[in-house]
Amino acid sequence: MQFLTAILGLLLANLSIASTEQIAAIPSKSTDGSSSNSVFQLSITSDQMANALTTASDIELSLYLVPQESHQGLHANVYSVVNADGLFFKLTEDGSYSAWDGSIKDLTPFVANQTLSNENRFTLLEGKLIEADSYFFYVAYDIEGESRLLFTPDPAQIVVSESGAPINDASSRAAETFETKLESVIVQAKCIFCHVEGGLARNSSLQFQRTNTASALNNFETLSAYVDKKGGDMLLSKISGGNGHAGGIQLSQDSDGYKAFQQVLSEINELDNTTYYAFGGSGNGTALQQASFLTDVTFEQREITLRRATLLLQGRLPTEEESEGVVSDATLRSTLRNLMQGPEFREFVVKATNDRLLIDGSMFGPLNEGFSNFLYLRNFAYEHRESDYLGLIKRQLDRAAWQSAGELIAYIVENEKPYTEILTADYMMMNPLMNKLLEGDATFDARDNDQTFKPAKITGYYYNKDVRQLKLESRQSPYEAIGTPITNYPHSGLLTDFGFLNRFPTTATNRNRARARWVFYHFLDIDIEKSSQRPTDEAALKDQNNPTMNNPNCSVCHAILDPVAGAFHNWNSDNLYRPNGVDTLDGYYKYPEQGQSLYRNGDQWYRDMREPGLFDVRISERDNTLTKLAELIIEEDGFYRAAPKFWWSAIFGEPMIGLPAVESDQGYAEKYAAYSAQQSAVNAFASALREDHDAKDMLTEMLMSAWFSGEQVSSNPFTEAHSLSYLGSKQLLDPEQLSKKTRSLTGVAWRASLTPQGIIHWPAKNIGVLLGGIDGSSVTERAVELTPMISTLMLTFAAETSCLATIREFELPKADRRLFTLVDEFTSPEGSIFEHIVVPSTNREDFKAMTITTDLPKGPASFRIDFTNDYADCQDGECIEDRNMLVKSLSVTKPSGAEVSVPIRNENIRYMNPGCRQFTTTNDGTELLGWWGNCYAEFSIQLTESGQHTFTAVLSADLPSITGGFAEGAMSAWSEVPLSEIESLETDQIKKQIEYLYNLLLGTPNETSSSDIDIAYNVYLASRQRWLSNSQLGCDLWQDGLMLREYLTPEEFNEVQIRQDEYSRYFQTDWDKIGQYHARFFQDEYGAKYTWTAVLALILSNFHYLHE
């Protein structure tokens, strides 16, 4: 009823009468200045007033040309130009507009060689102007043989305002007729048996939905799309048995149903095929065009696409060579394809595969060492049954089995093997441990670790009859072979993968249906559970006579599902291939407690289920049924459509839009538009894969598409649909991506841990779910938007990572840094400087001038001298030897060259301890300021100039006569001007460093605003002020799992991180020795680490850092 109500409402609304209204009558002028008296009249025909047009208005703009009398009867060319948003477009002969450069040479007519009468009508535009704007139309004509052009000196203006009305072509008489005469009587009663997901006509472009709330509306859209592509005559021929229709005659030409189709087709042809005009504002020469889902969608800069794709596929930034090599779409395409190799790409594929198949979400491991079919594994487990080593090995074997499926796809994609091998491969991927325990035939060497996977075939699988227990009295017994392992173990890609079989287990009642359901979903683009509405009528569900075979409410799905379940008949609930050598049928079926058994000797499948097969093809093969199933699957069009859907979320970061099922839902039209556009994209990507079966081609096309690198535009009528489908949106980084990005940019391995075996465990293993990741069982979809929990954790991430990154950076020489390339440790707005000094004086009469130079602003400043290595050997008040430092004079040289003395007797001097200093004299009576213990003195001064100042201290020393050693200390100087008031060369350099950090970390070159820089600089100043107030740097080095490994020498690392044995998963830490290294990392003499930590924390918590 809602649908019919909407149709009636629209029809009533359409009763409004369109009217024609003249908007301009403009006398002509000529390009040569000669007189002319032609008139250009422009009129608008619309159901709305010319001064009330909106983006939803149907508009016909007409030109009535009244030529001067001397031109009537002559041949003319007619021109039209529109100015939209400051850009010019010319009307072409096919009715579209293309960019015009403003020159007469580039001006082309939309009507050529037209014989002029006394009044001539032309259509300049017919459709909808989808951009709210002011449009200025100019028209002109010239006469054959004349060089002058007659034109409108002033434009005719059309003003179009915004309208929120959605586009909905289904609202028409054709849609109403379809629902009342075809949907229930014909489509659901006849067509649906073949033209549906999984039906015999599953590869036809005419795919209907079974009855649901929106099936009439969606099925009409499907029919309209088919007619638009194939034509109405083709449809009528098919339904009457022509054109090789596999379904034969469904409707005779004299039937009511056939006539109903004719009526709907006629009404479809009468639909208002509106042209939507969108004038591109990008300035790239894009012509005016009919609006579609991707109209006016522009692409981000190539370097941004390259950065995002490199981080996605490789977990790093592009190299300089990669960036410089991208100068066109062709070079970008080539570079993106080259990213699809190496260990980081393999990790991407493995993660994407698990995200889709959820293999590691299984409660139990895929391989049970308790069964004797894998003889070597069983005896290995027996041998180590009382050792912790068995637990370690079992965990490693489980991880390898869970990872194997992703490794198979990675191997196929990276080596450009046919993508069909994901199902047909007669091998599996094994690492050294798996290869050993399952007796694979791969060859590994000592350099290979548990992340090295190679193609292998199982050679050590035995039927039960070919092994026997050695200790009959014990349940924990070794076994021995009394026969031979099976030859040609029936590998069939993912279909026989232990992780896949384990994730979708079978039971006595399930009978492999879960495995079949996910085969359809992942590899045939059919969602069985959504292919038909579940019956809720109690009477329809009372049937107990094998309803999956006999009740049409059940068989509608089970007729498709159960044959594929039968193809798994050789694999049991323990993921073992026919361990008894005969079948995997359950005991409840073979030996029922009540009634007669259907089982017969030699049966391999249930007699009360359909025979193994796929759609209309039966599988007679008994031993390698999954191999045969794989061969059938890869011949289906659905296999190629399923492939881009398998990778959609991994590439685009968002799930696909589902087909909307309730037409009354808000945003139905936008959701349907987004769904349709995504399905079209899937078909395009599938075509790239089908061409040569190379997945790299498909993945490259996905990365090059607007779905990855497009930018939304506000003028497109599908803007809301763009938002719903996240078209071109940067995606929220998942925990693994965030870890890799941070590692690449800052070096920090945030919350990672390193095992003695060299394996890095990333935080996704521990807190991944809280960060928006999945665990494969309870949480199966990654977050696509920030949640309060993610936001909170990201603040923790920013705080921890910024401190660790800053420590890392300032431990390196400036030339080796990634982040702080424009500043040094002592760069600061106040121009502070701190230098250690050794005074080479041999006695108190031997004076040495020591200097430091720095850039300081005008205003108050401080100059400080430290004495740091006092020494004395004194007994009973008598000193045998003593070391002291003495100051003879202090001075400051200004930028102008003038020198100012600083008195050593000064009431503003601040001492560490007044008792540590004493005034004395030299032999000639010169007064000296002396320190008799470790001490410092700060001198206050007033600087009258800004710029480079040199501070000089003339020093001498008393040296210990026996021990020796020069006096040591430090000299420092800094400004006392409030930080916010300082403007210096250092200030500019700090701001340049901030801009560099923004550009690098956020990937927005030349887009950082001055306000962002000012905010970050204020954070810098606030942090700097806190450090000057004696705040200290503090963070947990253990939150960076690789810092000690990378910043200590191998000898130092082995001292503090002790490997216990070859099987241990953890290091033993020497806490006494590690303290000295911690102290080294936290040294912050100039406050650079403390200050820049705050700036980094600000940027790392930025929305754009968390999205790529």
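Some notes on this structure:
- Restricting Lys765, Lys730 to those that are out of contact with any His (no Cβ under 7 Å at 6 or more places or on another chain) and either modelled with pLDDT under 85 or surrounded by fewer than 17 Cβ atoms within 10 Å (Cβ to Cβ) (or both) reduces the list to Lys765.
- Residues in region 83-102 that are outside any loop (DSSP other than H, G, I, E, B) and not hydrophobic (A, V, I, L, M, F, W, C): Asn83, Lys90, Tyr97, Ser98.
- Residue match in region 232-239 (condition: surrounded by fewer than 19 Cβ atoms within 10 Å (Cβ to Cβ), β-branched (Val, Ile, Thr) and outside the structural domain of Ser531 (by TED's automatic domain parsing)): no
- Count of region 933-973 residues which are more than 18 Å from Lys888 (Cβ to Cβ), touching a strand residue (DSSP E or B) at 6+ places or on another chain (Cβ under 6 Å) and surrounded by 20 or more Cβ atoms within 10 Å (Cβ to Cβ): 4
- When we screen Trp1038, Trp1092 for residues that are within 30 Å of Tyr389 (Cα to Cα), at pLDDT 80 or above and either under 30 Å from the mean Cα position of the chain (by Cα) or not in a helix (DSSP H, G or I) (or both), the only hit is Trp1038.
Yes/no matrix, rows are residues, columns are (1) crowded, with 18+ Cβ neighbours inside 10 Å; (2) free of Cβ contacts under 8 Å to residues at least 24 places away in the same chain; (3) among the aromatic types (Phe, Trp, Tyr):
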| residue | (1), (2), (3) |
| --- | --- |
| Val564 | yes, no, no |
| His569 | yes, no, no |
| Ser573 | no, no, no |
| Lys590 | no, yes, no |
| Glu593 | no, yes, no |
| Gln596 | no, yes, no |
| Val617 | no, yes, no |
| Ala630 | yes, no, no |
| Ile633 | yes, no, no |
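- For region 296-318, the criterion of a residue being closer than 22 Å to Gln678 by Cα, at pLDDT below 90 and under 18 Å from the mean Cα position of the chain (by Cα) is satisfied by at least one position.
- Matching residues, region 862-911, being assigned to a loop (DSSP other than H, G, I, E, B) and touching a Gly at 6+ places or on another chain (Cβ under 9 Å): Thr868, Asn869, Asp870, Lys894, Pro895, Ser896
- Pick from region 333-364, criterion in a loop (DSSP other than H, G, I, E, B) and modelled with pLDDT under 90, ranking: surrounded by the fewest Cβ atoms within 10 Å (Cβ to Cβ): Met363
- Residues that are farther than 30 Å from Ala216 by Cβ and either in contact with a helix residue (DSSP H, G or I) (Cβ under 7 Å, 6 or more places away or on another chain) or of a type in the set (D, E, K, R) (or both), drawn from region 641-663: Ala643, Phe646, Trp647, Ser649, Ala650, Ile651, Phe652
- Unique residue being among the charged types (D, E, K, R) and not assigned by TED's automatic domain parsing to the domain that holds Ile486 when the list is Arg333, Arg346, Arg395, Arg378: Arg333
- Scope region 879-904; condition under 24 Å from Gly859 (Cβ atoms) and surrounded by fewer than 13 Cβ atoms within 10 Å (Cβ to Cβ); matching residues: Ser896, Gly897, Ala898, Glu899, Ser901, Pro903
- Which numbered condition Trp1027 misses (of (1) part of a helix (DSSP H, G or I); (2) among the aromatic types (Phe, Trp, Tyr); (3) within 30 Å of the chain's Cα centre (by Cα)): (3)
- Hits in region 228-265 (condition: polar (S, T, N, Q) and either touching a helix residue (DSSP H, G or I) at 6+ places or on another chain (Cβ under 6 Å) or touching a residue at least 60 places away in the same chain (Cβ under 8 Å) (or both)): Asn243, Gln250, Gln263
- Scanning region 947-965 for residues that are outside any strand (DSSP E or B) and in contact with a Ser or Thr (Cβ under 7 Å, 6 or more places away or on another chain) returns a single hit, Leu959.
- Unique match (being among the aromatic types (Phe, Trp, Tyr), over 22 Å from Phe826 (Cβ atoms) and surrounded by 14 or more Cβ atoms within 10 Å (Cβ to Cβ)) among Phe863, Phe847: Phe847
- Output for region 772-796, where each listed residue is charged (D, E, K, R) and more than 14 Å from Glu736 (Cα to Cα): Glu781, Glu785
- Which numbered condition Arg1059 fails, given (1) buried (at least 18 other Cβ atoms within 10 Å of the Cβ); (2) in contact (Cβ under 8 Å) with a residue 40 or more places away in the chain: (1)
- Matching entry among Ala425, Ala401 (being assigned by TED's automatic domain parsing to the domain that holds Phe345, buried (at least 20 other Cβ atoms within 10 Å of the Cβ) and within 30 Å of Thr755 (Cα to Cα)): Ala401
- Search result, residues across region 108-126 that are within 30 Å of Val297 (Cβ to Cβ) and surrounded by fewer than 19 Cβ atoms within 10 Å (Cβ to Cβ): Thr108, Thr123, Glu126
- Residue within region 782-790 that is closer than 14 Å to Leu1106 by Cα, acidic (Asp, Glu) and loosely packed, with under 15 Cβ neighbours inside 10 Å present: yes
- Output for region 624-676, where each listed residue is outside the structural domain of Ala688 (by TED's automatic domain parsing) and among the polar types (S, T, N, Q): Asn624, Thr625, Thr627
- Listed conditions (1) under 30 Å from Tyr479 (Cα atoms); (2) buried (at least 18 other Cβ atoms within 10 Å of the Cβ) are all met by Glu383, apart from (2).
- Restricting region 810-819 to residues that are touching a residue at least 40 places away in the same chain (Cβ under 8 Å) and under 18 Å from Ile994 (Cα atoms), the residue that is surrounded by the fewest Cβ atoms within 10 Å (Cβ to Cβ) is Arg818.
- Residue in region 396-413 that is within 30 Å of Tyr640 (Cβ to Cβ), in contact (Cβ under 8 Å) with a residue 40 or more places away in the chain, among the charged types (D, E, K, R) and out of contact with any Cys (no Cβ under 8 Å at 6 or more places or on another chain) present: yes
- Residue match in region 103-120 (condition: assigned to a strand (DSSP E or B) and within 48 Å of the chain's Cα centre (by Cα)): no
The values are calculated or read from the model by the stated rules, or taken from the named source; none is laboratory data. Just so it is clear, the structure is predicted and the values come from calculations on it, not from any experiment. Here the Cβ is made from the backbone with ideal geometry for all residues, glycine too, and neighbour counts use every protein chain on show.
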